[in-house]
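Below is one structure, written out as structure tokens; the observations come after it.
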């Protein structure tokens, strides 16, 4: 069954989708697209789960270990996003500054991007410049007017993710991409069908 699913999605067996909660058990899942608390205003995922390709997931695991040593935990808002969900987001906000056009797809649709924040060692969310998906100037890295604690938390998060091999997106403090994802195919496997 797994081999058939992976063949159907052009996902090689050498780099399958990995359940991030299983790989990073102390990660705090706050999967906004499984709730109505997102830009579409309705649940877009039937399950609150997060996946990345194995190679990207290992990088995130390294970033989580780095943060754990600093008494912090990753908060995961989103990771692999099926192309059908990308289309729903585009329908809700057809603005290429903030949402990737599904005709081109995004690194999320390739299972090579993750949206993350920070929590303390007990799992309580730490101050960040804005809420997740709060598009605008304050979401930019280095934005003016951001309280010192939130600036420090973004810096710590960015350092850990970049040391692990991810690239930051300048306009969204939460968005990180595996540079290898550029060449990966777009996927549209529903989250509930990804083997765990």
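Please treat every number below as a calculation from the coordinates, not as lab data. What you see is a predicted model; the values in this text were computed from it and never measured. Note that each Cβ is placed from the backbone with ideal geometry, even for glycine, and that neighbours are counted across all protein chains shown.
Observations on the structure shown:
- Stretch gain in nm, segment residue 134-residue 163, where the contour uses 0.36 nm per residue and the Cα spacing is subtracted: 7.9 nm
- Whether region 47-161 is rounded, prolate or oblate, judged on the alpha carbon gyration tensor where a/c under 1.5 counts as rounded: oblate
- Only one item in (i) 106; (ii) 133; (iii) 145 matches volume of the Cα convex hull per residue in Å³ derived from the coordinates shown, and that item is (i).
- Note on 178, 95: ascending count of other Cβ atoms within 10 Å places them as 95, 178, the fewest first.
- Taking the helices alone, the chain has a mean residue ellipticity at 222 nm of -8000 deg cm²/dmol, built from -39,500 (n - 2.57) per DSSP H run of at least 4 residues and averaged over all its residues.
- Where labels lie 7 Å past Cα in the beta-carbon direction, separation of residue 104 and residue 26 in nm: 3.8
- Shape category assigned to region 145-184 from the gyration tensor of Cα positions, a/c cut at 1.5: oblate
- Gained length - residue 188 relative to residue 19, 0.36 nm times residue gap less alpha-carbon distance: 59.2 nm
- When 169, 51 are sorted by how many other C-beta atoms sit within 10 angstrom of their C-beta, beginning with the fewest, the order is 169, 51.
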